[in-house]
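The values are calculated or read from the model by the stated rules, or taken from the named source; none is laboratory data. These numbers were taken from a predicted model, which means no experiment stands behind them. Ideal geometry is used to build each Cβ from the backbone, glycine not excepted, and the neighbour counts take in all protein chains shown. Accessible surface areas use protein heavy atoms only, side chains included; no ligands, DNA or RNA. Shrake-Rupley method; radii C 1.70, N 1.55, O 1.52, S 1.80 Å.
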There are 4 protein chains.
Amino acid sequence: MRVGVLTGGGDCPGLNAVIRGIVRKGVQEYGYDFTGFRDGWRGPLEGDTMRLDIPAVRGILPRGGTILGSSRTNPLKTADGPARVRRTLSELDVDALVVIGGEDTLGVAATLWAEYGVPCVGVPKTIDNDLSGTDWTFGFDTAVNIATEAIDRLHTTAESHMRVLVVEVMGRHAGWIALHSGLAGGANVILIPEQRFDLDQVCAWVENRFRIRYAPIVVVAEGAMPRDGDLVLKDGTLDSFGHVRLSGIGEWLADQIEKRTGKEARTTVLGHVQRGGTPSAFDRWLATRFGLHAIDAVHDGDFGAMVALRGTDIVRVPIGEATAAVKTVDPALYQEAGVFFG
Amino acid sequence: MRVGVLTGGGDCPGLNAVIRGIVRKGVQEYGYDFTGFRDGWRGPLEGDTMRLDIPAVRGILPRGGTILGSSRTNPLKTADGPARVRRTLSELDVDALVVIGGEDTLGVAATLWAEYGVPCVGVPKTIDNDLSGTDWTFGFDTAVNIATEAIDRLHTTAESHMRVLVVEVMGRHAGWIALHSGLAGGANVILIPEQRFDLDQVCAWVENRFRIRYAPIVVVAEGAMPRDGDLVLKDGTLDSFGHVRLSGIGEWLADQIEKRTGKEARTTVLGHVQRGGTPSAFDRWLATRFGLHAIDAVHDGDFGAMVALRGTDIVRVPIGEATAAVKTVDPALYQEAGVFFG
Amino acid sequence: MRVGVLTGGGDCPGLNAVIRGIVRKGVQEYGYDFTGFRDGWRGPLEGDTMRLDIPAVRGILPRGGTILGSSRTNPLKTADGPARVRRTLSELDVDALVVIGGEDTLGVAATLWAEYGVPCVGVPKTIDNDLSGTDWTFGFDTAVNIATEAIDRLHTTAESHMRVLVVEVMGRHAGWIALHSGLAGGANVILIPEQRFDLDQVCAWVENRFRIRYAPIVVVAEGAMPRDGDLVLKDGTLDSFGHVRLSGIGEWLADQIEKRTGKEARTTVLGHVQRGGTPSAFDRWLATRFGLHAIDAVHDGDFGAMVALRGTDIVRVPIGEATAAVKTVDPALYQEAGVFFG
Amino acid sequence: MRVGVLTGGGDCPGLNAVIRGIVRKGVQEYGYDFTGFRDGWRGPLEGDTMRLDIPAVRGILPRGGTILGSSRTNPLKTADGPARVRRTLSELDVDALVVIGGEDTLGVAATLWAEYGVPCVGVPKTIDNDLSGTDWTFGFDTAVNIATEAIDRLHTTAESHMRVLVVEVMGRHAGWIALHSGLAGGANVILIPEQRFDLDQVCAWVENRFRIRYAPIVVVAEGAMPRDGDLVLKDGTLDSFGHVRLSGIGEWLADQIEKRTGKEARTTVLGHVQRGGTPSAFDRWLATRFGLHAIDAVHDGDFGAMVALRGTDIVRVPIGEATAAVKTVDPALYQEAGVFFG
C-alpha cells in the first residue's frame, strides 16, 4: 500500500507534526510506503513528488511550515484537473491520499472523492480556527500565544497612560484569534469581523480607560469593519476621502482614534509572525494525533472522512462537514468577553 | 450580595485569571461585593481576609500564583472547622463562596455544602490535569509548554549522539504532563505512573536510538516506577542497595541506564519551574472563562456545582464528580504514543 | 543623606532594575533614604513624590516600564524650571539626584549640575543604543531579541518562497536595532537611517533571493529613507502621489516592492511591543549594575558623572559625553553586514 | 584557497552561526572553497569531511548545536596525531584551518601552529564564559537567559513563602552563569565555585528571607562546594555519611537546608537544557561576527590568532592567551552581587 500526502493553503504551525505522525505510524504499524506531493494539489496535478519516509520526517516536529511545500493550486479550476490527479496516482501506484488543508484544499478532496472516486482522507488546517466540525484546529493556539505575548508587552506602555495601543491580528472572516488573544492579553477592546463596530463606542471605551490612568489596548482582527461609512480595504481601494489606502484596519483605526479622542495612538501589525515558527505544545499534540488518526482512517478505508477534535477525542466526520460553513465566533461568546471592554 | 473567594492547594498558573474573571463580572454585571479569603481554607477558618474589588484584580491576569495566597489547611480536619467557617461567613455577611482548588480543596467544598449547607461553587485547579469532570484544567497547558521547551533544547545535544538525556517532569499520580510534553517534544521514551516500566525495555529503546546516531530523550513523570524490585522514593526511604536516597526517579533512572548501557546519561529536573510564571494563552482563556461562569453559577444559586470544560463549552457538574476519582491516562492513549518510542 | 530618583523619556526594559539596584545598595550599604520623583522631571518641578524604600522595589526586577512613571517634561523649557527643581530638593531635604534617561533627560541633568549646582548622577537609557559614552544601553538587548524572534518566525513563510516579508523595527535616528536583529535573524536586506537606500538595489536583492526559492526578509528601521524622490513621513505629510499617508516606511516599502517586482509583500510592524515587557537577562544584569554604580557615584560625591559600560566594566564618564552626539551605526559595521544582503 | 573548519568540545548555541559567517564571507568576498571536518579534531585525524558551501549553511543560523558535529578527540594524545592532521590537510589541499572550540580544542590549535606549522585561526567557544582574552563568549548569554527564565518562574512559588527553591546551573570551574542568572533573576543566594560557601551562612540567609514572607531562591553552580567537611561529588563518590551519592550539589544543598532550617526545599536541575536550542540574539550577533572576522584573519594570513570581543570590537589575540588560564569570577564582582543576598 502506498499513500500520498499533500499540504495546501497558507502556512500553519503543526503541518510537519501531522506529516510525521502519518509517516511514523504508517510505516511502523501498517508497513505503508509514502509519496510526498509537492506544493499542495500542484503535486498530484504535475506529478511532482518527494521522498517521504522515516528519515525524511526526522527532526521536523518543532519546525513551522511544511516540508512538502504548499500552494493554492486548485485541480477543479484546472483543465482536466481531476483526471490528471487520478492519472498521477495511478502511475505512481498511490492507493490513497491524505490531504491536509483548509476550506479550499479540503473542498477539492471532498469533490475528488465524491465525484471522481479519488480515495482521500482529510486533516483540517487553519490558524484561524474557523473550520466547522472540529473543536480546534492546530496552528491556532500558536497564533494566539504569539499575539498574547505581544499584548503582554504593550501593557508596560499602557501603564504609562499616554498612548492608545492598537494591535492588528489575523482573521479575515472570523475573530477567533482576536477574541482569544484579547481575552488572554487583557485587552480593553476587541473587534472582530463577525460584528461591525461602532467607532463612537470604541472611542468611548478608549476615553473611559484613560480615566483610570491606564492606556487602552485595542485588539482588532484584520477583517473587522466599522459599522457605517468608511471603507477600509487594503491594496488599491479608495477610502472615504478618495485616497488610495495602503494600510490595514489597524493603522486606520489608530488614526481615527487619534483624530476623535486627541490621544496619540500607536499600531502593532503582527502579520505573518503569527503563522510562522515553532508550534506550541498544544498544536504539536493536536497535529500529531491528527496525523496518527488520519493514517488509521486510511487503514480502515474510511475515505471521505476528516479527522476532528471533539473534547479530548479524535473523531472522524465527513470532509464536507468542515467545509460547509465558516465557523464564526458565536455572538454569546463575544458578549461574554464584553465584560472586559472599556 | 457578598461573595467570598479562596484558592487552595499548590501553585497553578491561571489562578489570578480566575479571580479576576469572578470579580470583574460579579461587580460589573451583578453588583456584588467580594471578600478575599487568605491562604485557602485558613482564611474562612480564621477570618483572615483581604480587599477584593476591581482595583485589586488589576494587572493580575498574566501573573502566576495567587494574590489570595494558598495553603493545605483542611477545615474537616480542624476541630470545629465547619462551624468556624460558617461563623466567619455569617459574621462577614458572606452569602456564597467560590472555591478554587484541586481534589482536597474541592472535596471540602463538596462536604461543606452537602452536610453543612455552606453555599459553595467550585472551580477545578491542577496543573496535573488529573481531575475528572472537565476536559482540561488550567495550568496544565503552561506546564506542558515549559516541559516541551526544555525537551526542544535537549534535541541539540541529542543530535551529537553522545548522551542519554532524562527529563523528570511533574505528575505523582497521573502522567498527563509527561505524555503531552513527551509527544510534543518528540521524546523517545515516555514513562508515566499509570504503568510500571520495564527497565530492560527502556534500555532496549535507548540502545536502539543510538543506532541511528541520535541520542535518546527520556521523559519520566516523577511518580513513575519500575516494574519490579527497586524502590525509588524521595526523602528518607532506602533504595535497593540500602542507601538513603535523596534524588528522584530522574536521577535514579539516569544512573541505571548508565550502568546497564554504558552510555553517559544526564538529567534535567524541572521541578517547580513547571508550575510558576505567567500562564499560557490557553490557560488564561480557560481560567478567565471558569471565573466568569463560576460567578454566573453563584448568581443562579447553583451551589454544589463546579464549572468544567466540555469541548469548547463551559458547563456545570457536581463538585463531587471532579473529586470522585483521579483522572489517569487512558491506556489506549499511552499506547497510541508508543509508536514514537525507541 | 536623602537621594532622589527619577526616570525620564520613553519606556525601556530595565528601568525598574536600575531603581532596585540604587535603592538596595543605597539603603543596605550606605544607609541612605530615598525619594521617588514621579514622571521624570515633572516630579521635582511639581514636588510630586512617592515612597521609595526596600519594600517599594520588591518584585520589580523582571517588570518592564518604571514604577516612577515617566514624562518628557523639560525644566529648562519651563518658566523658572531650574529654580523650582532646586526649591523642591531643598524643601524635601534631597541631597542628590539620580537621573535615569536618554539624551534629553540627561541633557537637563548635565545643565542643572553645571549651571545650577544641582548634584546629579546620570544613568544612560535608550532602547535605541544610540547614546555615546557607553558600549551598550539596557533595553536594547530586549528589543533586539523581540525583533529577532519575529524574524525567526517569518522564515517559515519565507521558505514557501511566495512573499516578500518586510519587518519595520524601531530606530528613528540610529539603525542599531535593525542591524542587530537583521544579523541575528538572518535578514536578506537591512535598511538603516544612517544610509539612504536605493530602491532599485533593494528590489534587485529581493529578486535575487527568489531565484534560490526562498523569499526575502527585509528589516527596515522606522527612520530609514529612500535615496531620492519619495517622501515617506507619518502623520499628515504628502507622499509623492499627493496623498495623505498614514502608514510608515514598512508599509510604503512593501507597497513599492510589490509594484516594482510583481511579488506580493507583507508587513510586520512591531511598534511598542519592542519596548515593553520583561527585560532580557543581559539588560537586567546591565541595569542592575548601573544602579549599583550610580549610587556609588553619589556616595563618592561624583556629581556630573554618568555610569557607562566599557567592555565588562562599569565606569564613569561626564554626563555630557553621552548627550554630545547620537551614536550612529559605523559605516564599516553596516558594510560588514552587507555580506548577507541579497 | 581551501579552508577547513572544525568545531570541538561541548555543545554551545551559536556554533552554526560562526560556521555560516565564515562560509558566507569566505565564498562571497574571498572566493574560498571550504572543507568541513566532522566531529572536531577527529575529522582531520581520520580525514572525515563533509561538503561546506553556501547551500550547506542555509537555515542554520538559529539552530543550536553544530552541523559539523563535535568530539573531545585530541590529536596531541593520539599516536602520530599532528603528522596525521598535516597529512590530511595536505591530501585535501586544505591551506588553513578555522578551529572553533574551548580551552582543549584551542590548545591543540595553538600547539599545532606553534610546533607543527599547521595554519590555524581560533574562535573561542564556551557557554561558561571562562575563556580569557575575550569579554564574552557566545552561548553564555543563551544559557543565562534560560536559567533566568527558570528563576523567574520560581518566584511565583517563592511568593507563597512556603519552600526553599534551589536551582543548580552549569559552571564546574567558573560561576559566571550562576552569577549572571542569579543577579538577573533576583536570587537571594548565589553560590559559585570560586568561593567555598559556608552552609551556616546560607541557612542564615534562607531564614532571614522567610521573615519577610517570601521564600528564598538559591542559585548554585554545579561546581560550588561547601567550605568544609562534606564532600559532594557526583558519580560514585562517598558523601560524609558513607553513602554512594548520585545527585549533584543542588539536591545535596536542598537536603542540607531542609535538615538545618526545617523548611521544605525543592530543586531544579536545568542540566543540558542550558546549552541546547536556539541562540539568543546577542549570541547570534557575536558568533556571526566571530565567523566573519575569523575568515578575515585567514585572509590576512594571521595564523595563531584567535578572534575575541573587546567592548564592541572584534579583535585578534594569540590563541594561547585564551587558553592560558580559566577566567574566573573576580571576587569584587561577587561581592558587588552580595548586596542582594539574604
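Is there a residue being polar (S, T, N, Q) and touching a Ser or Thr at 6+ places or on another chain (Cβ under 8 Å) anywhere in the stretch D:78-85? The answer is no, given that none of the residues of the stretch D:78-85 is polar (S, T, N, Q) and touching a Ser or Thr at 6+ places or on another chain (Cβ under 8 Å). For A:T156, the conditions (1) open to solvent by less than 10 Å² (accessible area, probe 1.4 Å); (2) closer than 19 Å to B:S280 by Cα; (3) within 14 Å of chain C (Cβ to nearest Cβ) are fulfilled apart from (1).
The set of residues in the stretch B:82-93 that are open to solvent by 20 Å² or more (accessible area, probe 1.4 Å) and on the phi < 0 side of the Ramachandran plot comprises B:A83, B:R84, B:R86, B:R87, B:S90, B:E91, B:L92. Would you mind stating whether B:I146 is within 14 Å of chain D (Cβ to nearest Cβ), within 20 Å of B:R310 (Cα to Cα) and crowded, with 23+ Cβ neighbours inside 10 Å? No: the conditions fail for B:I146. The residue that is most open to solvent (accessible area, probe 1.4 Å), among those in the stretch A:61-81 that are touching a residue at least 24 places away in the same chain (Cβ under 8 Å) and not in a loop (DSSP other than H, G, I, E, B), is A:L76.
Of all residues in the stretch D:252-306, those being touching a helix residue (DSSP H, G or I) at 6+ places or on another chain (Cβ under 9 Å) and closer than 30 Å to B:H155 by Cα number 33.
Taken as a whole, the structure places B:I257 among residues that are open to solvent by less than 10 Å² (accessible area, probe 1.4 Å) and among the β-branched types (V, I, T).
Of the strands (runs of 3 or more DSSP E) contained entirely in the stretch D:243-334, those carrying at least 1 residues that are over 30 Å from C:A337 (Cα atoms), within 14 Å of chain B (Cβ to nearest Cβ) and touching a Lys or Arg at 6+ places or on another chain (Cβ under 8 Å) fall at D:265-269. For A:T88, state whether it is at pLDDT 95 or above and under 23 Å from A:T137 (Cα atoms). In short, no. Taken across the stretch C:193-211, residues that are modelled with pLDDT of 95 or more, within 19 Å of A:G64 (Cβ to Cβ) and crowded, with 17+ Cβ neighbours inside 10 Å do not occur at all. Would you check if A:L97 is surrounded by fewer than 24 Cβ atoms within 10 Å (Cβ to Cβ), away from chain B (no Cβ under 14 Å) and within 21 Å of A:G36 (Cα to Cα)? In short, no.
Looking across the stretch A:108-143, the residues that are crowded, with 24+ Cβ neighbours inside 10 Å, in a helix (DSSP H, G or I) and either out of contact with any Pro (no Cβ under 7 Å at 6 or more places or on another chain) or acidic (D, E) (or both) come down to A:A109, A:F140, A:D141, A:A143. A Cβ distance below 6 Å, combined with a sequence gap of six or more or placement on separate chains, defines the contacts here; from the stretch B:198-212, residues that are free of Cβ contacts under 8 Å to residues at least 40 places away in the same chain reach residues that are of a type in the set (K, R) in the pairs B:D198/B:R227. For the stretch D:278-296, indicate whether the set of residues that are free of Cβ contacts under 8 Å to residues at least 40 places away in the same chain and surrounded by fewer than 22 Cβ atoms within 10 Å (Cβ to Cβ) is non-empty. Checked against the condition, which is being free of Cβ contacts under 8 Å to residues at least 40 places away in the same chain and surrounded by fewer than 22 Cβ atoms within 10 Å (Cβ to Cβ), the stretch D:278-296 yields no hits at all. Taking the criterion of being in a helix (DSSP H, G or I), surrounded by fewer than 24 Cβ atoms within 10 Å (Cβ to Cβ) and touching a helix residue (DSSP H, G or I) at 6+ places or on another chain (Cβ under 6 Å), the residues of the stretch B:26-60 that qualify are B:Q28, B:L45, B:V57. Among the residues making up the stretch D:159-170, those that are at the interface with another protein chain (Cβ under 10 Å from one of its Cβ atoms) and buried (at least 24 other Cβ atoms within 10 Å of the Cβ) are D:L165, D:V166, D:V167, D:E168.
Out of curiosity, is D:P13 in contact with a helix residue (DSSP H, G or I) (Cβ under 8 Å, 6 or more places away or on another chain), within 24 Å of D:D104 (Cβ to Cβ) and either of a type in the set (G, A, S) or within 13 Å of chain C (Cβ to nearest Cβ) (or both)? Yes, satisfied. I'd like the residue in the stretch C:25-53 that is under 20 Å from C:P124 (Cβ atoms) and either small (G, A, S) or out of contact with any Ser or Thr (no Cβ under 8 Å at 6 or more places or on another chain) (or both) and, out of all such residues, is nearest to the other protein chains (Cβ to nearest Cβ). Here the residue is C:K25. Among all positions in the stretch B:115-137, there is no residue which is under 26 Å from D:L270 (Cβ atoms), at the interface with another protein chain (Cβ under 9 Å from one of its Cβ atoms), touching a residue at least 60 places away in the same chain (Cβ under 8 Å) and touching a Ser or Thr at 6+ places or on another chain (Cβ under 6 Å).
Applying the condition of being surrounded by 24 or more Cβ atoms within 10 Å (Cβ to Cβ) and among the hydrophobic types (A, V, I, L, M, F, W, C) to the stretch A:171-183 and asking which residue is nearest to the other protein chains (Cβ to nearest Cβ) yields A:L183. Only residues that are farther than 19 Å from A:H293 by Cβ and either in contact (Cβ under 8 Å) with a residue 40 or more places away in the chain or in a loop (DSSP other than H, G, I, E, B) (or both) were counted in the stretch A:82-107, giving 11.
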